[in-house]
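Visitor: Okay, here's the structure, questions in a sec.
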Amino acid sequence: MSGTFVGMPAFPDAAREALADSQQRRNLHHATHTIRDKRARVVGEVGNWEELRVAGAEIKDRVLTHLDTYLEQLEESLTRAGATVHWARDAEEANRIVVELVRATGADEVVKVKSMATQEIELNDALEAAGIDAWETDLAELIVQLGHDLPSHILVPAIHRNRAEIREIFLREMGQVGTPAPDGLTSEPRELAEAARRHLREKFLRSRVAISGANFAVADSGTLVVVESEGNGRMCLTLPETLISVVGIEKVVPTLADLEVMLQLLPRSSTGERMNPYTSMWTGVTPGDGPQDVHVVLLDNGRTEALADELGRQALRCIRCSACLNVCPVYERVGGHSYGSVYPGPIGAVLNPLIRGTSTPVDKSLPYASSLCGACFDACPVRIQIPDLLVRLRTRVVDEKRGGIPSGEEIAMKGTAWMFAEAKRWERAQKGSELAGRALRRRDGLGRLPGPLSAWTDARDAPAPPEETFRSWWRRERGTDERA
Amino acid sequence: MRVALFATCFNDAMWPETPKAVVTVLERLGCTVEFPLGQTCCGQMLTNTGYAREALPLVERFADVFESYDAVVAPSGSCVGSVRHQHSGVARDCGRTDLAERVATGARKVYELSEFLVDVLGVTDVGARFPHRVTYHPTCHSLRMLRVGDKPLELLRAVRGIDLVELPGAEECCGFGGTFALKNADTSVAMGSDKARHVRETEAEVLVAGDNSCLAHIGGLLRRQRAGVRVMHLAEVLASTEADFARGQELGAEATR
Amino acid sequence: MSARDEILGRVRTALQDAPDSPPPAWTYGAGAAVADVPALFAERVEDYRATVQRVGAGQVADAVTEALGSAGTVVVPDGLPSEWLPDGLETVVDDGSLGAGDLDRIDAVVTGSAVGIAVTGTIVLDHGPGQGRRALSLVPDLHVCVVREADLVADVPEAVARLQSSIDAGRPLTWISGPSATSDIELQRVEGVHGPRTLRVLLVSEGP
C-alpha cells in the first residue's frame, strides 16, 4: 500500500484485490462484528434514542441552513476568547496556513491529535515537505503512520490490522523515530498499548506545538470540543504552547446545550460506549492553563459544494462516528482502502463524490459501491439518508456521461425503458423468453453464460426462463382484461 | 375491495409460479383479484442505476394502470419499496411536481404481500400446509424500507407442518442489490456466500423470502455449490395446501432457482 | 477577495434556494428518571474499571490515604479543601510553575470535580479551585478524584446545563469516564494508555 489515495482504481477493481486478502477479511469481520454488538447494547439502553437521532439531525440541519451566520458568530466568539481565526478555501491553503504557523514558532516537530480534517488535506505530507516532523499520537493513527500505511476506517484507521501485525510494526519501526518497543513485546493489546505510551511520552513532554481537529465548535461561546479515548488528545491540547486546530466549517453547533444531544449520540454510535473516556472543551486561551497561542483554521475544501446540493447537504450532518462503516456489509468485506479516501464506507461513498466531484474513476464508482441495503441509515445517529443519496449520486454520474458515445450499459438501460414503455412491447419480449424457455426445456438452471452476464454466472447459476410467463397463463386461464 | 395484482416484471417473465400463488392465496381469502395487463415494470432497476429520466415514463405508467384500484398487492418488497419510497422522488427530480403528488397518493395503497395479508386483511393463518424444514431471509427492502417487521414470520408460523428455523445473521444483506450484483460482482458474491453458508448451517431444505431477485442470487450460489437447498417465494409456501400434497404437487412444478 | 469572504460567499450562494430548517423540537436540559443517582453513578463508573468508594463527609481524608496507596509523590491543586487531605501527607501544591517533565515525575494527583453524571458514569472537571489546571489531572499516573453527591446529576442534559456557567467564565472542561482506554486493537477495549491509568473516585455523601 502506497502512502497516497491519489490515482486509486475504480471501486470494483480495488475491491476484487481486497476481497482476496484473507487476513484482512478476518480482521475486519472480527472488528466490525465486535463493535456492532457493543453499539447495539448501549443504544438499546437509551429509551429516547430515536428522538435523539431526530434532534441530532435537526440541530445539524438548522446549522447548515444558516451556516454563514453561525460561522461569523463562531469567528467572533473565538476571537473574543483570544484565539486567532484563519480561513482556508481548500487543502492547499489550509496546509500553507498551518506550515507558516508552525514555522513562526521555530519548532521542527508537532504532535497531532487524530483528526479527519487534517487527514483529508494530507497535512502530514505538507509538514514533511517543510521539514517538520508530525507525530500521530492516536494509537491507530500511530500504527498507520509507523506502518507506512493508509487509514481504512474513520474511528479506527488501523482496523485492517490485527494484534500480530501491530506487534511487528512496533518492533520494526518505533526505534527508527524515537523510543523503541520494549524487548519481549508480545501481541497482547495491553502490552501494545503500553509500548505506545512509552514511545509517545517523550514526544508529548517536549513538543511545543500541537495540531488537532475538533468534533464540535460552539458558535455562541467559541468552545471547541475533542472527543477521544486514550488521553493523547488531552496531552496535545494541554501541554504544548501553541495549538492549531483545523476545523471543517460544518462542525459548528449553535450552543453548548446542543452538545447534550451530540454527546449522547456520538460515543454510543462510535465506540459503543455510554461515554468515551475523555472529552476536552476549551474556549480560546485560558490564562495559566494550556496553550497560550491558539489558532483555528476553518476549512471549506469542497464542503460548500455539498452544501449547494439539496439532498447532499444532509451528508454534512455527519459527525464522523463510523457507525455506518461498522454495519455495512460491503465495508465489512472490502475494507476501507478501496474507497480511495480517508472517508471510507457508506458515508465515504456519498461524501467523497459530493466534496471532490465525480471526475475520477474511483469517485464515479463510489455511488455504486453499495447494495442499498439500508443498514447505514438505521445506524446513523443524525439520520443521513445514505441510500437515497447514493441513488441521487448515481443519477449524477449517469447524467454527466450523457451526450457522448453511449456505453453498453446506457444502451441496455434505454432499451429496457423502451421495452417497458408499452405493454405490447413487453409482451412481445416475453414471447422471446418463452421460446428460449421451451428450447431450454428440462434445464432447470443455467451454468456459465457469455458476455456481461458472465459477471452473474461466474459464481452463480442463472435461472432458465419458464415456458409460459405469468401473463400468458393469466390470458389462458382468466381471459383478457379489457383494461390492457 | 378491488384488488390488483402487480406481478412485477421479473416475476411475470421469470417466476410465474409466484404471482400465481398470490392469486391462489388472495382468492382463498375471498378477494377478487385482477391483473391489469397494461402493467410492465416499476422502473426500480433504472432508478437505482442512475437512469431516473428513463424511469419516469414507467413511474407514470404505474400510476395510470393502478390508480383506480382500492389496493395493489405485489410479491416483492423491493418493487413495492421503489413505488412507495422512490416514485414521487423520481417525478420531482424530473421536474414533474404534478406527477410527484399523484404518485405519492397512489403509493399509499400499494402493499407488499405480507403487509396486505396481515395489516389489510387481518389474517395470519392463510390455511397453508407445508411440511418442510424452512428458514426465512428477510430481504433488506422489506425490512428497512417497508418495515414489514415480523409479518412474514407470523404468516409462516401459522403454516401447518412447517419446521421453521431461525437463519443466523438473518438481517444482513445477501449482496444482490440489483445491478450491484453485476457492477460489483465480486463483493456481491462474497456477501452472498456468507448468506448461503448461514442458510446451510440451518440444515433447512427450503429458503424462503419475499423477493425472487434476492432468491435468484442466493439460490444461484446454493445451486452452484450443489448445496441441496431450494429457494421459494413466501407466496408459494402460503399457497401450498393439503390438497397439493394429495396431488403430489408440493413445491410446485417449477425448478429450483 | 479574502478566503473568509469567499467561503462565506460560497455558503450564501449554496443556500440561496435552501428551505429554512426550524430550530429543533427538542426539550433541552430535561431531567432523567433515575431512582438512585449515587448508586447508578458508582455502578457506571466501575463499569469502566475505575474504583468508586462511597464515604461520609468526615471520612474523605482516610479514603484519600487509602486511594493513594503506595504513591510516593502527590500533587494537589490550589484550593483543594484541606479536610480532604490526611494530616502529615506530603504534597506538592501546584503554583503553576511545574512543567510537564516535573509532573511526569509525580505519582499521583488528588482533585475535586464540578459535576458527576450517573447514566454515563462521567466526571466533569471545570478546572476551578480545587480541580487545578488541566495538566495536573493528566500527567500523573494515578488520579484520585473526589465527587460530592450534591454535584451528581442523572444524565448528560442536566450536566450540560450546569456547566454553562463554567463555559461562560471561559473555563475549559474535561469530561472523564474511567481511566484512559483504547479500542484501537481489534476493537477490544484496553484500559490505560496516555492519561492516568488508574482512576479512583471517592463519592462523598452529605452526612458524616
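Visitor: Looking at B:Ala7, B:Ala21, which one is in contact with a helix residue (DSSP H, G or I) (Cβ under 8 Å, 6 or more places away or on another chain), in contact (Cβ under 8 Å) with a residue 60 or more places away in the chain and over 17 Å from B:Ser78 (Cα atoms)?
Guide: B:Ala21
Visitor: Moving on to the next point. Could you list, in sequence order, the residues of region A:376-398 that are more than 14 Å from A:Leu311 (Cβ to Cβ) and more than 7 Å from chain B (Cβ to nearest Cβ)?
Guide: A:Cys376, A:Ala379, A:Cys380, A:Pro381, A:Val382
Visitor: Further question: Counting only residues that are in contact (Cβ under 8 Å) with a residue 24 or more places away in the chain, in a loop (DSSP other than H, G, I, E, B) and more than 7 Å from chain A (Cβ to nearest Cβ), which one in region B:29-38 is surrounded by the most Cβ atoms within 10 Å (Cβ to Cβ)? Walk me through how you get there before you give the answer.
Guide: Going residue by residue through region B:29-38, those that are in contact (Cβ under 8 Å) with a residue 24 or more places away in the chain are B:29, B:31-36, B:38.
Imposing the further condition that a residue be in a loop (DSSP other than H, G, I, E, B) reduces the set to B:29, B:31, B:35-36, B:38.
After this cut, where a residue has to be more than 7 Å from chain A (Cβ to nearest Cβ) as well, the list is B:29, B:31.
Numbers: B:Leu29: 13, B:Cys31: 20.
So the residue we want is B:Cys31.
Visitor: Which pairs have Cβ atoms under 6 Å, sit 6 or more apart or on different chains, and link a residue in region C:147-160 that is under 15 Å from C:Val55 (Cβ atoms) and open to solvent by 10 Å² or more (accessible area, probe 1.4 Å) to one that is of a type outside the set (Lys, Arg) and assigned to a strand (DSSP E or B)?
Guide: Qualifying pairs under 6 Å: C:Arg148/C:Val204; C:Asp151/C:Val115; C:Asp151/C:Gly116; C:Leu152/C:Gly116.
Visitor: List the helices (runs of 4 or more DSSP H) that sit entirely inside region A:118-212 and contain at least 1 residues that are closer than 30 Å to A:Arg96 by Cα and more than 27 Å from the chain's Cα centre (by Cα).
Guide: Details: elements: A:123-129, A:139-146, A:163-177, A:189-206.
In region A:118-212, A:163-177, A:189-206 are the helices (runs of 4 or more DSSP H) which contain 1 or more residues that are closer than 30 Å to A:Arg96 by Cα and more than 27 Å from the chain's Cα centre (by Cα).
Visitor: Could you go through region A:176-186 and let me know if any residue there is crowded, with 20+ Cβ neighbours inside 10 Å, more than 9 Å from chain C (Cβ to nearest Cβ) and more than 30 Å from A:Leu243 (Cα to Cα). Give the steps one after another, and end with the answer.
Guide: Narrowing region A:176-186 to residues crowded, with 20+ Cβ neighbours inside 10 Å: A:181.
If we keep only those that are more than 9 Å from chain C (Cβ to nearest Cβ) as well, we get A:181.
Restricting the remaining residues to those that are more than 30 Å from A:Leu243 (Cα to Cα) gives none.
The answer is no, given that none of the residues of region A:176-186 is crowded, with 20+ Cβ neighbours inside 10 Å, more than 9 Å from chain C (Cβ to nearest Cβ) and more than 30 Å from A:Leu243 (Cα to Cα).
Visitor: Is it fair to say B:Cys79 is surrounded by 20 or more Cβ atoms within 10 Å (Cβ to Cβ), of a type outside the set (Phe, Trp, Tyr) and out of contact with any Leu (no Cβ under 9 Å at 6 or more places or on another chain)?
Guide: It is true that B:Cys79 is surrounded by 20 or more Cβ atoms within 10 Å (Cβ to Cβ), of a type outside the set (Phe, Trp, Tyr) and out of contact with any Leu (no Cβ under 9 Å at 6 or more places or on another chain).
Visitor: Within the set of pairs 6+ apart or on separate chains, which have a first residue in region A:446-457 that is under 20 Å from B:Gly178 (Cβ atoms) and of a type in the set (A, V, I, L, M), a second that is open to solvent by 40 Å² or more (accessible area, probe 1.4 Å) and in a helix (DSSP H, G or I), and C-beta atoms under 7 Å apart?
Guide: A:Ala455/B:Leu182
Visitor: Which residues, counting only those in region A:219-229, are without any contact (Cβ under 8 Å) to a residue 60 or more places away in the chain and either more than 7 Å from chain C (Cβ to nearest Cβ) or open to solvent by less than 10 Å² (accessible area, probe 1.4 Å) (or both)? So that I can check it myself, show each step before the final result.
Guide: Of region A:219-229, the ones without any contact (Cβ under 8 Å) to a residue 60 or more places away in the chain are A:225, A:227, A:229.
If the condition is that a residue be without any contact (Cβ under 8 Å) to a residue 60 or more places away in the chain and either more than 7 Å from chain C (Cβ to nearest Cβ) or open to solvent by less than 10 Å² (accessible area, probe 1.4 Å) (or both), then A:Val225, A:Val227 are the ones that fit.
Visitor: Among the residues in region A:319-337, are any within 13 Å of chain B (Cβ to nearest Cβ) and modelled with pLDDT under 95?
Guide: There is no residue in region A:319-337 that is within 13 Å of chain B (Cβ to nearest Cβ) and modelled with pLDDT under 95.
For every residue, the table says whether it meets (1) more than 7 Å from chain A (Cβ to nearest Cβ); (2) β-branched (Val, Ile, Thr); (3) closer than 30 Å to C:Arg189 by Cβ; (4) open to solvent by 30 Å² or more (accessible area, probe 1.4 Å).
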{"site": "C:Arg12", "(1), (2), (3), (4)": "no, no, no, yes"}
{"site": "C:Asp20", "(1), (2), (3), (4)": "no, no, no, yes"}
{"site": "C:Val60", "(1), (2), (3), (4)": "yes, yes, no, no"}
{"site": "C:Leu68", "(1), (2), (3), (4)": "yes, no, yes, no"}
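Visitor: Considering only region A:430-442, I want to know if a residue exists there that is in a helix (DSSP H, G or I), of a type in the set (S, T, N, Q) and under 17 Å from A:Pro452 (Cβ atoms).
Guide: Looking for residues that are in a helix (DSSP H, G or I), of a type in the set (S, T, N, Q) and under 17 Å from A:Pro452 (Cβ atoms), one finds none in region A:430-442, hence no.
Visitor: Next question. Given the structure, is A:Ala94 closer than 26 Å to A:Cys321 by Cα and either touching an Asp or Glu at 6+ places or on another chain (Cβ under 7 Å) or more than 11 Å from chain C (Cβ to nearest Cβ) (or both)?
Guide: In short, no.
Visitor: Restricting to region B:195-231, count the residues that are in a helix (DSSP H, G or I), surrounded by fewer than 21 Cβ atoms within 10 Å (Cβ to Cβ) and either more than 8 Å from every other protein chain (Cβ to nearest Cβ) or touching a residue at least 24 places away in the same chain (Cβ under 8 Å) (or both).
Guide: Qualifying residue count for the region: 4.
Visitor: May I ask you to say which residue of B:Ser76, B:Ser114 is closer than 25 Å to A:Val391 by Cα and under 16 Å from the mean Cα position of the chain (by Cα)?
Guide: Numbers: B:Ser114 fails: closer than 25 Å to A:Val391 by Cα.
Within the list B:Ser76, B:Ser114, the selection yields B:Ser76.
Visitor: Are any residues in region C:25-50 free of Cβ contacts under 8 Å to residues at least 24 places away in the same chain and open to solvent by 40 Å² or more (accessible area, probe 1.4 Å), and if so, which ones?
Guide: If the condition is that a residue be free of Cβ contacts under 8 Å to residues at least 24 places away in the same chain and open to solvent by 40 Å² or more (accessible area, probe 1.4 Å), then C:Ala25, C:Trp26, C:Thr27, C:Ala35, C:Asp36 are the ones that fit.
Visitor: With respect to the numbered conditions (1) within 8 Å of another protein chain (Cβ to nearest Cβ); (2) open to solvent by 30 Å² or more (accessible area, probe 1.4 Å), which one is the sole condition not fulfilled by A:Arg460?
Guide: Single failed check for A:Arg460: (2).
Visitor: Based on this model, can you work out whether C:Val144 counts as more than 8 Å from every other protein chain (Cβ to nearest Cβ), in contact (Cβ under 8 Å) with a residue 24 or more places away in the chain, surrounded by 21 or more Cβ atoms within 10 Å (Cβ to Cβ) and within 12 Å of the chain's Cα centre (by Cα)?
Guide: Working: more than 8 Å from every other protein chain (Cβ to nearest Cβ): yes; in contact (Cβ under 8 Å) with a residue 24 or more places away in the chain: yes; surrounded by 21 or more Cβ atoms within 10 Å (Cβ to Cβ): yes; within 12 Å of the chain's Cα centre (by Cα): yes.
When the stated conditions are applied, C:Val144 passes them.
Visitor: Let me ask something additional. I need the full set of residues from region A:241-256 which are within 11 Å of chain C (Cβ to nearest Cβ) and in a helix (DSSP H, G or I), in order please.
Guide: A:Ile249, A:Glu250, A:Leu256
Visitor: Answer yes or no as to whether B:Leu26 is within 7 Å of chain A (Cβ to nearest Cβ), modelled with pLDDT of 95 or more and out of contact with any Gly (no Cβ under 9 Å at 6 or more places or on another chain).
Guide: Answer is no for this residue.
Visitor: When the residues of region A:149-175 are filtered to those that are surrounded by fewer than 18 Cβ atoms within 10 Å (Cβ to Cβ) and closer than 20 Å to A:Thr32 by Cα, which remaining residue is farthest from the other protein chains (Cβ to nearest Cβ)?
Guide: Top of the filtered list is A:Ala164.
Visitor: Go over the candidates B:Met14, B:Met1 one by one and state the one that is aliphatic (A, V, I, L, M), more than 30 Å from A:Leu366 (Cα to Cα) and modelled with pLDDT under 95.
Guide: Matching residue, one of B:Met14, B:Met1: B:Met1.
Visitor: Among (1) more than 10 Å from chain C (Cβ to nearest Cβ); (2) closer than 30 Å to C:Arg4 by Cα, there is one condition A:Lys203 misses while meeting the rest; what is its number?
Guide: With respect to (1) more than 10 Å from chain C (Cβ to nearest Cβ); (2) closer than 30 Å to C:Arg4 by Cα, A:Lys203 is out only on (2).
Visitor: Something else about it: Of the conditions (1) within 19 Å of the chain's Cα centre (by Cα); (2) in the same structural domain as B:Thr8 (by TED's automatic domain parsing), B:Val159 clears all except one; give me its number.
Guide: (2)
Visitor: Any chance region A:230-240 includes a residue that's open to solvent by 10 Å² or more (accessible area, probe 1.4 Å), closer than 21 Å to A:Arg317 by Cα, at the interface with another protein chain (Cβ under 9 Å from one of its Cβ atoms) and modelled with pLDDT of 95 or more?
Guide: no
Visitor: Residue by residue through region B:125-164, note down the ones that are aliphatic (A, V, I, L, M), open to solvent by 20 Å² or more (accessible area, probe 1.4 Å) and either closer than 15 Å to B:Met232 by Cα or in contact (Cβ under 8 Å) with a residue 40 or more places away in the chain (or both).
Guide: Passing the criteria: B:Leu143, B:Met145, B:Leu153, B:Ile162, B:Leu164.
The values are calculated or read from the model by the stated rules, or taken from the named source; none is laboratory data. Since this is a predicted model, take the numbers as computed values, not measurements. Every residue, glycine as well, gets a Cβ built from its backbone with ideal geometry; the counts of neighbours run over all protein chains shown. Surface areas here come from the heavy atoms of the whole protein model, side chains and all, with no ligands, DNA or RNA. Shrake-Rupley method; radii C 1.70, N 1.55, O 1.52, S 1.80 Å.
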